[in-house]
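Quick note: the coordinates plus some simple rules give every number you see, no bench work behind them. Quantities reported herein were computed from a predicted structural model and do not represent experimental measurements.
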Amino acid sequence: MEQNTINRKSWAIKNEVIFDDLVRLVNLTFPEIEIMVSLREQAQAIAPVLSEAFYQRLLAHPLTAEFVLGQIEARKSTLEQWFLDLFCGNYDHDYIRRRLRIGEVHVRIGLPIRYPLAMVDIILEKGLEVAATHTEPEQAQQAFRKLLALDMAVFNQAYEDVQLNHLAELIGNERLARRLLQE
Ligand code: HEM
């Protein structure tokens, strides 16, 4: 089949249907949700260590430092809150909408998506440390990885939505906009 006649079902879905699609894909189970909730205290304890390592790395790199200079304390506290929310136990539409808004904030400041994605390294390391304290460490680590993956997919979705919407608005056709982004 010719590339430009292919149609994918994933192209036709929007908003909450995309949320459901992603939640179904990562396949988070009820025991995994319970594990996440049980780890809240440990997550709280490690959150300041995470934010310290996170901003040290961003500040050590001039191209990322220029986005955060002068607001480190505020940024640390929102990152800690964001990390704790991973352990909230309720991953419904409101949760995903909250996470999508966070992605949108980064789109608005013109932050290249490669930077948040590259910082997953530190978040994963600290999240796995928290999970390792659980009596079922492997299951706990899997739960954490799933939630982080969900989050990064949603973060990235914010970027894709903006690019696609602007392009579709400009050329008056979303299908054509998708094709242009494939080239
Ligand atoms: C996975 C990685 C990241 C996460 C989870 C994250 C999380 C957050 C959160 C929760 C907020 C607060 C959003 C709000 O106001 O509701 C925020 C704001 C912000 N983040 Fe990030 N962030 C990430 C990566 C980065 C990177 C790599 C940079 C810069 C190099 C950055 C720079 C900023 C700035 C400047 C703001 C404030 C934006 C504004 O209100 O004007 N973030 N971030």
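Which aspartates and glutamates have a Cα lying under 20 Å from the Cα of LYS126, excluding residues fewer than 8 positions away in the same chain? Leaving aside aspartates and glutamates fewer than 8 places away in the same chain, those within reach of LYS126 are GLU32, GLU34, GLU41, GLU52, GLU73, GLU80, ASP85, GLU136, GLU138, ASP151. Rounded to the nearest 10 degrees, the angle from helix 120-131 to the longest Cα principal axis of the chain is 40 degrees. Between GLY172, GLY127, GLY89, the Gaussian network model of the chain with springs among Cα atoms under 10 angstrom shows the greatest mean-square fluctuation at GLY172. Percent of Cα pairs in the chain per distance bin of 5 Å, from zero to the largest separation: 1, 7, 15, 18, 18, 15, 11, 8, 5, 2, 0.
Our coupling estimate for segment 97-114, obtained by passing each phi through the Karplus curve with A = 6.51, B = -1.76, C = 1.60 and θ = phi - 60°, is 4, 4, 5, 5, 4, 5, x, 4, 4, 6, 4, 5, 8, x, 7, x, 4, 4 Hz, Gly and Pro reported as x.
Taking PHE144, PHE155, PHE67 in turn, the Gaussian network model of the chain (Cα-Cα springs below 10 Å) assigns the largest fluctuation to PHE67. For the Cα atoms of the chain, what angle does the longest principal axis make with the long axis of helix 40-59, in degrees from 0 to 90, nearest 10? With rounding to tens, the tilt is 60 degrees. Expressed as an acute angle from 0 to 90° and rounded to the nearest 10, what is the orientation of the C-alpha long axis of helix 15-26 relative to the principal long axis of the chain? Rounded to the nearest ten degrees, it is 60. Annotation for segment 14-82 versus segment 109-183: alpha-carbon center distance of 12 Å. Calculated mean residue ellipticity at 222 nm for the chain: -25000 deg cm²/dmol, from DSSP H runs with n ≥ 4 weighted as -39500 (n - 2.57), summed, divided by the residue count and rounded to 500.
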